[in-house]
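Colleague: Here it is: the structure, laid out below.
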Amino acid sequence: MKITTTARHFETSPELTGHIEERMRRLKRYFDHILNIDVIMSLEKFRHIAEVNVHVNGHDFTAKETSEDMFNSIDLAAKSLERQIKKFKGKM
């Protein structure tokens, strides 16, 4: 599983990068065949936007969340992805 992070209009801190890796590695417990994860973070005035794209064999999951804190945005996006992956795995 390869995790790619992109920051727009700000610089990431090591704490933020570690938090992203921790939250995204948790997705592995729901589905083992995750190929790569793209995390795009942007800062627009007071809105912190986190967009996460998860690529699985034959399927893509996307979550985009906005809040006043980047850590919170990432957590909300990870919860949304967990829900999507659980639903997808249930259908299989």
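The values are calculated or read from the model by the stated rules, or taken from the named source; none is laboratory data. Quantities reported herein were computed from a predicted structural model and do not represent experimental measurements. In this analysis, Cβ positions are derived from the backbone assuming ideal geometry, glycine residues included, and neighbour counts consider all displayed protein chains. For accessibility, only protein heavy atoms count, side chains too; no ligands or nucleic acids. Shrake-Rupley method; radii C 1.70, N 1.55, O 1.52, S 1.80 Å.
Colleague: Quick one: which residue in 61, 71, 88 is closer than 17 Å to residue 28 by Cβ and part of a helix (DSSP H, G or I)?
Modeller: Exactly one residue qualifies, and that residue is 88.
Colleague: If you scan segment 14-67, which residues turn out to be without any contact (Cβ under 8 Å) to a residue 12 or more places away in the chain and open to solvent by less than 80 Å² (accessible area, probe 1.4 Å)?
Modeller: Those that are without any contact (Cβ under 8 Å) to a residue 12 or more places away in the chain and open to solvent by less than 80 Å² (accessible area, probe 1.4 Å): 18, 62.
Colleague: Within segment 45-76, take every residue that is farther than 16 Å from residue 11 by Cα and among the aliphatic types (A, V, I, L, M) and give me the one that is modelled with the lowest pLDDT.
Modeller: Top of the filtered list is 56.
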